[in-house]
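The values are calculated or read from the model by the stated rules, or taken from the named source; none is laboratory data. The structure presented is a predicted model; accordingly, all values stated were derived computationally and were not measured. Please note: Cβ atoms are built from the backbone with ideal geometry, for glycine as well, and neighbour counts cover all protein chains shown.
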């Protein structure tokens, strides 16, 4: 526990080296399944099960080529669908949530307390409770088997957690800035556009990143709403891939699984700090 | 005065414009559907015919007649009760190791977070199916020791625990929260206690645990709610069935089957409401118990 061990003493240095070795071994063990899957996606099919190594000898891209066209429709389509849904979800969440958050953080209006309490209340609501009536509604609107049920709710700020997050952030921006802008003739819209949005990049980015990760990984929504294989998102395609190949061909399956993890991993590489801070400060689930 | 109230009225109009997307969503996608599903839970509804009122029959069937439901409940409770504490213990242990002021902390933290980032995906669930399959990685490793392992995912005695392991493996995000909490504990307390001769275990019990209690509580509530709602791993690992012999039939998976495989929308709505109540009760229980073990720093003011 003591962070300030005296530097330099041999015992302390040895202890630290042992700790590093232990941690590194543990980390490797934790990442082993992931690394093994990636390595296996490059290995010849027949040795996948018997080879523990993380470095594929005589590796090839065969599994990727096979996997990419392993279903009736190619993964080009599935990844394009996933990207389309995820990008629109990000835009929807950031726009709609920041608009609502601005009203809660800065404007005076009747019933504000009631609406705010309702917003907090919806945070606790498991989505199963709204699931079936929402499905019926989208069915009646003729939206089932389209991307609309996955996208439109984001433009209506249904992920209220982001509103909460943004309200917290907006409240920290000095009001003097708003007032100065008002003096210069800005209305609420001007304050929102010219003061709030530019000063809130960290929270907007956090909302965008988590929206992207959640939507990209989302399985339940696409499972319920998308039936046409041409509309499948990557996770849904993977699932039918499992069903269609059974246990015969793991190579292509691992190859496509690996690819489906790449965008989320890439986002993590680019925005590591924001993601970790987002979790540490507000418990956003990763 | 008139100018002022005009300005207020204008602000009010602006406020409702800003709120309008959310308000529409609240009414049509959240509040409306919540009430509608409460109504549907007292009906029989298959999407084709209009809902037919049957009173509390759905609830009666759920509690007294439906063996599969009872099973789904117990599977889910086992899953929550095993995975949440284990995950938190792992997260706290790793956070404490990382808090020792090592160089490369950010690298370890990032790497250990990866399973948490990726673990909820279909891809990892697919991987799990292989790892714990009959000719999967685990059995290949056991074979080296001369042990002939069963197919873990298709053995009803073990299948649920493969999912527990999958969840515990994702200890990264509570670990990050614990790490942030540990950073808040003043170093001086530990130093003073060490000088007074307190052992590492004693310091952990008397300093770390009480001061970290609010963070532990936060993680506990968050993880419990999350575990109740788990769906993807069970769906993928069992191929959508919740099998073998319903041993991985999570509550949410059963709800999904009732609604979208058998089109018993009324029954599924009732299940959703009971899930809401279960989550509410466990959260309330956590808050009640918190009185005895969670103390906030500013409490006495």
message = If a residue must be over 23 Å from residue A:83 (Cα atoms), outside any helix (DSSP H, G or I) and at the interface with chain B (Cβ under 8 Å from one of its Cβ atoms), how many such residues does region A:249-286 contain?
response = 1
query = For region B:151-191, what are the residues that are surrounded by fewer than 21 Cβ atoms within 10 Å (Cβ to Cβ), facing another protein chain (nearest Cβ under 9 Å) and closer than 26 Å to residue B:140 by Cβ?
reply = B:169
request  = Could you please find all residues in region A:66-81 being part of a helix (DSSP H, G or I) and more than 13 Å from residue A:258 (Cα to Cα)?
outcome  = A:66, A:76, A:77, A:78, A:80, A:81
message = Just the residues that are within 10 Å of chain A (Cβ to nearest Cβ), out of contact with any helix residue (DSSP H, G or I) (no Cβ under 7 Å at 6 or more places or on another chain) and either in contact (Cβ under 8 Å) with a residue 60 or more places away in the chain or buried (at least 20 other Cβ atoms within 10 Å of the Cβ) (or both), please, taken from region B:205-225.
response = B:208
task = Would you check which residues across region A:201-213 are out of contact with any helix residue (DSSP H, G or I) (no Cβ under 6 Å at 6 or more places or on another chain) and surrounded by 20 or more Cβ atoms within 10 Å (Cβ to Cβ) and list them?
result = A:210
request  = Considering only region A:149-220, give the helices (runs of 4 or more DSSP H) lying wholly within it that have at least 3 residues that are away from chain B (no Cβ under 14 Å) and touching a strand residue (DSSP E or B) at 6+ places or on another chain (Cβ under 8 Å).
outcome  = none
query = Tell me, which residue of region B:8-45 that is modelled with pLDDT under 95 and more than 7 Å from chain A (Cβ to nearest Cβ) is nearest to residue A:131 (Cα to Cα)?
reply = B:13
So residue B:108, is it within 26 Å of residue A:267 (Cβ to Cβ) and buried (at least 16 other Cβ atoms within 10 Å of the Cβ) = yes
